[in-house]
Amino acid sequence: MSVCSIEDIAENTTAPFWFQLYVMRDRDFINRLIDRAKAAKCSALVLTMDLQILGQRHKDIKNGLSTPPKFTPYSIWQMMQHPLWCARMLGTKRHTFRNIVGHVGRVHDLASLSAWTASQFDPTLNWADVKWIKERFGGPVIVKGVLDADDAQAAIDNGADAIVVSNHGGRQLDGAPSTIRVLPEIVDKVGHKTEVYLDSGIRMGQDVIKALAYGAKATFIGRPMLYGLGAGGEAGVTRVLEIIRKELDTTMALCGERDILNVGLHNIYSNDMPPRNAPKARI
């Protein structure tokens, strides 16, 4: 679900990249999508397991977010305040979701795309589907959207090559636990069998350090990069990553650490302090 297609990304990078897969009811389309990811030489698929129905997103209801966007007096007023931004947006090459439009027969614009997407959420997705997706792709499949240790084990049992501890940015289920809270029990359950990553809630370098100390292999950064993109384009994204890198470096120094390989549970203060030789985070 992006304005850049798999092929767009493949044409503009030589670095390894992953593709995040949402499984829809139209399995023929999904098979073609997986085949396209394979042809584009994606190094891994990230299978999203926590968006088979759309949650009640209160902020989106309040701000009127929709596809296609609605032009209200307020939104028009906002655009009038930023004429240069509007001009740059009009000058961009991509204005639709290019992984779908042109690849599904009855989808030809944003309105038909919205209707098609609303009808395509598939609540029948289950752990057994990991197997056929992996067989179709022929490469690593990473399961995203895990908040429970037993679910993490089920994902591994059904062929997942890695786990992303994620609550979908806190937008799906109001009241779901934070990812950093459930990370330790998931690492304890499957961390010795596979790599465990974390997203949702990463806003600064200290958040990265905490996740690594609890045993995450790495963290994903979403919303801060979007803030940077909206504020300053590519330079804004670069600036966000530099801020997080500097915060991470400063936090390590204040914790008395010089090597990220030495960050571990001993860097987390709690009433039950682990021994100094507790297992270190792997990066």
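The values are calculated or read from the model by the stated rules, or taken from the named source; none is laboratory data. Everything numeric in this text was worked out from a predicted model, so none of it was measured. Virtual Cβ from ideal backbone geometry, glycine too; neighbours counted across all protein chains shown.
Does the range 16-37 include one or more residues that are modelled with pLDDT of 90 or more, out of contact with any Cys (no Cβ under 8 Å at 6 or more places or on another chain), of a type outside the set (Ser, Thr, Tyr) and outside the structural domain of Asp151 (by TED's automatic domain parsing)?
Taking every residue of the range 16-37 in turn, none turns out to be modelled with pLDDT of 90 or more, out of contact with any Cys (no Cβ under 8 Å at 6 or more places or on another chain), of a type outside the set (Ser, Thr, Tyr) and outside the structural domain of Asp151 (by TED's automatic domain parsing).
Working carefully through the options Ser75, Ser5, find the one that is within 26 Å of Ala231 (Cα to Cα), among the hydroxyl-bearing types (Ser, Thr, Tyr), surrounded by 13 or more Cβ atoms within 10 Å (Cβ to Cβ) and under 20 Å from the mean Cα position of the chain (by Cα).
Numbers: Ser75 fails: under 20 Å from the mean Cα position of the chain (by Cα).
When all the criteria are applied, what remains is Ser5.
Select from the range 30-77 the residues that are in a helix (DSSP H, G or I) and either farther than 16 Å from Ser5 by Cα or out of contact with any helix residue (DSSP H, G or I) (no Cβ under 9 Å at 6 or more places or on another chain) (or both) and list them in ascending order.
Arg32, His58, Lys59, Asp60, Ile61, Lys62, Asn63, Pro73, Tyr74, Ser75, Ile76, Trp77
Results for (1) in contact with a helix residue (DSSP H, G or I) (Cβ under 7 Å, 6 or more places away or on another chain); (2) of a type in the set (Gly, Ala, Ser); (3) at negative phi, shown as yes or no for each residue.
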position	(1), (2), (3)
Asp161	no, no, yes
Gly175	no, yes, no
Lys189	yes, no, yes
Gly205	yes, yes, yes
Gly233	no, yes, no
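What number of residues within the range 12-28 satisfy the criterion of being farther than 15 Å from Ala162 by Cβ and in contact (Cβ under 8 Å) with a residue 12 or more places away in the chain?
Within the range 12-28, residues that are farther than 15 Å from Ala162 by Cβ and in contact (Cβ under 8 Å) with a residue 12 or more places away in the chain number 6.
Looking at (1) outside the structural domain of Ile156 (by TED's automatic domain parsing); (2) touching a helix residue (DSSP H, G or I) at 6+ places or on another chain (Cβ under 9 Å); (3) at pLDDT 90 or above, which is the only condition Trp127 fails?
The one condition Trp127 does not meet is (1).
Going by what's in this entry, would Gly264 be described as more than 19 Å from Pro177 (Cα to Cα) and exposed (fewer than 14 other Cβ atoms within 10 Å of the Cβ)?
The answer is no for Gly264.
Counting only residues that are surrounded by fewer than 20 Cβ atoms within 10 Å (Cβ to Cβ) and of a type in the set (Gly, Ala, Ser), which one in the range 20-52 is nearest to Arg171 (Cα to Cα)?
Checked the range 20-52; the qualifying residue nearest to Arg171 (Cα to Cα) is Ala44.
Residues that are over 25 Å from the mean Cα position of the chain (by Cα), exposed (fewer than 13 other Cβ atoms within 10 Å of the Cβ) and at pLDDT below 85: does the range 53-67 have at least one? Lay out the reasoning, then the answer.
Quick first cut of the range 53-67, residues over 25 Å from the mean Cα position of the chain (by Cα) only: none.
Looking for residues that are over 25 Å from the mean Cα position of the chain (by Cα), exposed (fewer than 13 other Cβ atoms within 10 Å of the Cβ) and at pLDDT below 85, one finds none in the range 53-67, hence no.
Taking the range 189-220 as the search range and keeping residues that are closer than 16 Å to Arg171 by Cβ and among the hydrophobic types (A, V, I, L, M, F, W, C), which one is surrounded by the most Cβ atoms within 10 Å (Cβ to Cβ)?
Ranking the candidates gives Ile202 first.
Give the range 133-161 a look and list any residue that's under 17 Å from Tyr22 (Cα atoms) and under 16 Å from the mean Cα position of the chain (by Cα), or say none.
Correct list: Val141, Ile142, Val143, Lys144, Gly145, Val146.
Of the conditions (1) over 21 Å from the mean Cα position of the chain (by Cα); (2) within 24 Å of Val182 (Cβ to Cβ), Pro83 satisfies every one except a single condition; which number is it?
Here Pro83 clears every test but (2).
Leu90 versus (1) surrounded by fewer than 20 Cβ atoms within 10 Å (Cβ to Cβ); (2) in the same structural domain as Ile34 (by TED's automatic domain parsing): which is the lone unmet condition?
The single condition Leu90 does not satisfy is (2).
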